[in-house]
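What follows is a set of notes on a single structure, which appears directly below.
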Amino acid sequence: MVKKKVTELPVATSIGAADVILLSQGGVSKQAPAALASGPNGRLVFEWNKTDTTQFQAVPAFRQANTGPAGTLSVESTPHGNVLRLNAVTTSGLTEIFLASEPLPFAGTNRNMVIEVEVYDDTAPTSASRGGVVFMANHDDAGGVFTGLAWAASIGNGAGRYIIEEDVTLYGEGAPTGLRGDKYSRYTIRGEKPAAAPPYLTGYFDGFTSFVATAEIRRTGASSADRGGVDDFGSNTTLTSIWDALPCDRWGIMTGRQVGGGMASIDFLSIRVFIG
């Protein structure tokens, strides 16, 4: 058996539910499940490695557009280090979603998560362009349809939320409504995925443009009464039984539907995901 120093071991880029952390406690070497390593936002389970695109799928899990080829992911150099660039075709009517390669390691029915995004720059036109994150998503990677929720408030000329069921956009094709962060965005999702029922959630968004802070709260639900008076996540949209058997454990990044033009690129400087 070859002994190695800790500094000689490979560096982990994320921590999963089955992982074990080695530590020294009271002078005694112990092992601990990764679930114990939790901060104020929960347990860090994903951080972009700032090196390559392997943590995301190379082909969009969902795409609708009036024309043009599918977008791509690449790594580009900037004065602030590498960025993950989402390259999208400049066409009207575009919604494009790239999922992370691995599902989130949720336990039980809770789907609590925090997704932090720092954007370096974008090439948004003057039209209603937007970009952000996807969560509670589902996709058959062998070629199945996409179902999921998205909140596009990280970039562009406005913000919007999306509800997509089996490749059909139930909500999210209109003009942007809501606040955006532009440079820093944090999506705090407090939700559940009950057995044999659709998910439900309360979503908190806060962020910064170049110098102004923004924040808002949204909930799923078919009426204001169902939401306890909170603004709607998707215009009183009722999630159907399509969701009943889905795990809702995927997430990713996206560029929103464009009106009168597309967003050529979004440069993500940092992406982190916490659960708990």
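Read the figures in this text as sums done on the coordinates, not as results from a lab. Since the model is a prediction, treat every value here as computed from it, not as a measurement. Here Cβ is always computed from backbone atoms with ideal geometry, including for glycine, and neighbour counts include all displayed protein chains.
From least to most packed, judged by other beta carbons within 10 angstrom and beginning with the fewest, ILE163, ILE242 follow the order ILE242, ILE163.
All Cα-Cα distances of the stretch 43-275, cut into 5 Å bins from zero to the largest, leave 1, 7, 16, 20, 22, 18, 11, 4, 1, 0 percent in each bin in turn.
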